[in-house]
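To start, the structure itself, in structure tokens.
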Amino acid sequence: MKTKEIVKRSDVYCFLKRTYFKWRTYLVPKKLYAVVTYWLRYRKYLDIEHPKTFDEKLWWLKLNYRNPLQTMCADKAKVREYVRECELGDILIESYGTFDSIDDLDLTQIPVNEFFLKCNHLSGGNMIIRKGVTDMTKVKKLFKHWLKDNAYYYGFEWPYKHMKPCLVTERILHTSEPHGLLDYKFMCFEGEPKLLFLDIGVCNTDGSHAEEYYRNIYDMDFNLLDIKETRENREDSSIVKPLNFDFMITCARRLSKPFPHCRVDLYNIEGKVYFGEITFFHGSAYNDIKPLEADLMIGSWIDTDKFYNIIRENA
């Protein structure tokens, strides 16, 4: 392991990191932080007061919109209950249980030799566990750090603020497709899926999130659009519209109905649809969408005028 990685996993580093981001949340005005960091990243002014682009609308929602149902749906453990309430329990990936602590995880009680272990409260914080192969001492140390994190302090995403951390175990999804497991991200607006962000090569062999991968953008007829969002497109003739694509749209529509905007992630393996997650702030509202016309079009689908009478939390 490289020295840099060793430092990042040390107890002192993790403690200082959590402390820094927590105090930054209270000391630095959120709007100022958003404008400055957005300028440093993209050299663009983020107009939150008069939002027009997709990221401007997302930041407006970050700082103003509060819906308790968001916390349930962003929680990778509790969202399973919401999916069942939407009468879509059949698309849930088989779970082997949830655990409040990594020390509560008893491998002898897991009925398979390999499984997916993830935190319910983070973007990332997951890996594949293989009995007799995975170094559980390292896993326990890593997850103990992750369970102490609060994602709200890193990106001001309110749904995570009051979420109780826990661990979720799930069956690993396997596919024989040459392009690997595709991540179908439906961008939904007031309950209507309008775009599909299809991530290609997003999962590493250990179950972690890949740093480099491709993203194609399609309309709801599965036409590849001339739009780029942060990542490069990949033209691949083996990627075709699933036969049950209409059912996937129905799932996304039903799950996104209560919200002004959310992203519904699904998988499709040999015609079987699986639920991934619901996300409310794609890319934490740092997205490089080109061309500008597409950015403005997507932003126009979030009507902030409808949400000015919401109750804001002083946080």
> Looking at PHE197, PHE156, PHE143, which is the one that is in contact with a helix residue (DSSP H, G or I) (Cβ under 9 Å, 6 or more places away or on another chain), modelled with pLDDT of 90 or more and closer than 25 Å to ILE227 by Cα?
Replying inline: PHE197
>> Looking at GLU85, GLU81, GLU49, GLU56, can you tell me which residue is touching a residue at least 40 places away in the same chain (Cβ under 8 Å) and not small (Gly, Ala, Ser)?
In response: GLU56
>> Among (1) of a type in the set (Asp, Glu); (2) over 21 Å from the mean Cα position of the chain (by Cα); (3) crowded, with 19+ Cβ neighbours inside 10 Å, there is one condition ASP199 misses while meeting the rest; what is its number?
In response: (2)
> Of all residues in the range 290-304 being buried (at least 16 other Cβ atoms within 10 Å of the Cβ) and not hydrophobic (A, V, I, L, M, F, W, C), which is modelled with the lowest pLDDT?
Replying inline: THR304
>> Any residue that is within 30 Å of TRP158 (Cα to Cα), without any contact (Cβ under 8 Å) to a residue 12 or more places away in the chain and in a helix (DSSP H, G or I) - is there at least one of those in the range 275-289?
In response: no
>> Restricting to the range 58-116, name every residue that is over 19 Å from TYR267 (Cα atoms), loosely packed, with under 13 Cβ neighbours inside 10 Å and of a type outside the set (A, V, I, L, M, F, W, C).
In response: PRO68, GLU85, ASP100, ASP103, ASP104, ASP106, THR108, GLN109, PRO111, ASN113
> So which residues in the range 140-193 are touching a Ser or Thr at 6+ places or on another chain (Cβ under 6 Å), closer than 23 Å to TYR33 by Cβ and among the small types (Gly, Ala, Ser)?
Replying inline: GLY155
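I need a count of the residues in the range 290-305 that are in a loop (DSSP other than H, G, I, E, B) and not aromatic (Phe, Trp, Tyr).
Going through the range 290-305, the residues in a loop (DSSP other than H, G, I, E, B) turn out to be 291, 301-303.
Now restrict to residues that are not aromatic (Phe, Trp, Tyr): 291, 302-303.
Within the range 290-305, residues that are in a loop (DSSP other than H, G, I, E, B) and not aromatic (Phe, Trp, Tyr) number 3.
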> Looking at (1) within 20 Å of ILE48 (Cα to Cα); (2) exposed (fewer than 14 other Cβ atoms within 10 Å of the Cβ); (3) not aliphatic (A, V, I, L, M), which is the one condition that is false for ASN287?
Replying inline: (2)
> So is LEU243 within 24 Å of MET297 (Cα to Cα) and either modelled with pLDDT of 90 or more or surrounded by 12 or more Cβ atoms within 10 Å (Cβ to Cβ) (or both) or not?
Replying inline: no
> Out of the range 254-272, which residues are within 15 Å of CYS86 (Cβ to Cβ) and out of contact with any strand residue (DSSP E or B) (no Cβ under 6 Å at 6 or more places or on another chain)?
Replying inline: ARG254, LYS257, PRO258, PHE259
>> For ARG24, only one of the following conditions fails: (1) without any contact (Cβ under 8 Å) to a residue 60 or more places away in the chain; (2) loosely packed, with under 15 Cβ neighbours inside 10 Å; (3) of a type outside the set (S, T, N, Q). What is its number?
In response: (1)
> In the range 204-237, what residues are exposed (fewer than 12 other Cβ atoms within 10 Å of the Cβ), more than 28 Å from MET127 (Cβ to Cβ) and modelled with pLDDT under 90?
Replying inline: GLU235, SER237
>> Given the condition modelled with pLDDT of 95 or more, under 22 Å from ALA74 (Cβ atoms) and among the acidic types (Asp, Glu), answer yes or no: does some residue in the range 277-285 qualify?
In response: yes
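The values are calculated or read from the model by the stated rules, or taken from the named source; none is laboratory data. Small disclaimer: the values here were computed from a predicted structure and weren't measured. As a convention, Cβ positions derive from the backbone with ideal geometry for all residues, glycine included, and neighbour counts pool all protein chains shown.
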